[in-house]
Amino acid sequence: MFPRLLPVTRALLIANVAVYLLQLMSGNALMDWLALWPLGFGFMPWQLLTYGFLHDTGGIGHLAFNMLALYMFGSPLEQTWGGKRFLTFFLVCVAGAGLLQLAVGWWMMAGGAPPYPTVGASGGVFGLLLGYGMLFPNQRMIVFPLPMEIRARTLVIFYAVLALVLGFTGLQPGVAHFAHLGGMVFGWLMIRYWRGQPPFGRGRRGPPRMRIVK
């Protein structure tokens, strides 16, 4: 139920908590430079990665949920892929989530919405959830707030549909639901690229090498 904490996952947890403490001490200074700002309103290329290490300082719930999910899904993936490939996967999911959020933000501002920054590791975390569901689809889990045991593959579908519905309906404003979906989409593409599956060709590459870290 509780996977062993491996080095890269541990480093990501420490980095997120350390940046959160810096946010509390520095006010909005980090937000101005490291949050993901819309195109034309302060966007810089490095923000596609740095925003994933910032969190809402209005409460610790945002950070706590993301770090729990990073631990639960990150450690098994790191154990399977090894640290380098796992870190690459996580950062690609963070950047991919940011790219989709930039596109959605541009579209919303074209409709009159004000510009606002995006922060949080959720895009990367949703990518990890997708990766876990693809590698361990039949793994049974109990995940709050669902009051029952559920397969990992079903959990991925549930959260993907939920993010899609909330994103289009606006029932939960202030949350970048399309960034969550972006993390999942880029995670799915990354795994298919490693496996040599469409849209990246068939048989060009084998499946990712399985390496168990002892």
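For Leu128, all conditions in the list (1) assigned to a loop (DSSP other than H, G, I, E, B); (2) in contact with a Gly (Cβ under 8 Å, 6 or more places away or on another chain) hold save one; what is the number of the exception?
Among (1) assigned to a loop (DSSP other than H, G, I, E, B); (2) in contact with a Gly (Cβ under 8 Å, 6 or more places away or on another chain), Leu128 violates only (1).
Within the set of pairs 6 or more residues apart or between chains, which connect a residue that is more than 15 Å from Trp194 (Cβ to Cβ) inside the range 82-99 to a residue that is among the β-branched types (Val, Ile, Thr) and open to solvent by less than 60 Å² (accessible area, probe 1.4 Å) with Cβ atoms less than 6 Å apart?
Short answer, once both residue conditions are applied: Gly83/Val8.
Output yes when any residue across the range 10-18 is among the hydrophobic types (A, V, I, L, M, F, W, C) and within 24 Å of Ala163 (Cβ to Cβ), and no when none is.
Kept after step one, since they are among the hydrophobic types (A, V, I, L, M, F, W, C), are these residues of the range 10-18: 11-15, 17-18.
From the residues that got through so far, the ones that are within 24 Å of Ala163 (Cβ to Cβ) too are 12-13.
Yes: one or more hits.
Only one of (1) closer than 17 Å to Pro3 by Cβ; (2) out of contact with any helix residue (DSSP H, G or I) (no Cβ under 7 Å at 6 or more places or on another chain) fails for Ser75. Which number is that?
Failing condition for Ser75: (2).
Go through the range 159-174 and give me each residue that's open to solvent by 20 Å² or more (accessible area, probe 1.4 Å) and at pLDDT 85 or above. Write out each step before concluding.
Within the range 159-174, the subset open to solvent by 20 Å² or more (accessible area, probe 1.4 Å) is 159-162, 164-174.
Those that are open to solvent by 20 Å² or more (accessible area, probe 1.4 Å) and at pLDDT 85 or above: Tyr159, Ala160, Val161, Leu162, Leu164, Val165, Leu166.
Answer yes or no: is there a residue in the range 70-82 that is surrounded by fewer than 18 Cβ atoms within 10 Å (Cβ to Cβ) and of a type outside the set (Phe, Trp, Tyr).
Looking for residues that are surrounded by fewer than 18 Cβ atoms within 10 Å (Cβ to Cβ) and of a type outside the set (Phe, Trp, Tyr), one finds none in the range 70-82, hence no.
Which residues, counting only those in the range 174-196, are small (Gly, Ala, Ser) and assigned to a helix (DSSP H, G or I)? If you could, list the steps in order and put the result at the bottom.
Here is the first cut: in the range 174-196, the ones small (Gly, Ala, Ser) are 174, 176, 179, 182-183, 187, 196.
If the condition is that a residue be small (Gly, Ala, Ser) and assigned to a helix (DSSP H, G or I), then Ala179, Gly182, Gly183, Gly187 are the ones that fit.
Can you give me the number of residues within the range 105-147 that are over 29 Å from Val8 (Cβ atoms), open to solvent by less than 50 Å² (accessible area, probe 1.4 Å) and touching a residue at least 40 places away in the same chain (Cβ under 8 Å)?
2
Sort out for me the helices (runs of 4 or more DSSP H) sitting completely within the range 1-58 that have 3 or more residues that are open to solvent by less than 40 Å² (accessible area, probe 1.4 Å). Lay out the reasoning, then the answer.
Details: elements: 7-26, 29-34, 47-50.
Output list reads 7-26, 47-50.
The values are calculated or read from the model by the stated rules, or taken from the named source; none is laboratory data. Here the structure is a predicted model, which is why all the values come from computation and not from measurement. Positions of Cβ are backbone-derived with ideal geometry, glycine not excepted, and every protein chain shown enters the neighbour counts. To get the accessible areas, we keep the full protein, side chains included, count just its heavy atoms, and leave off ligands, DNA and RNA. Shrake-Rupley method; radii C 1.70, N 1.55, O 1.52, S 1.80 Å.
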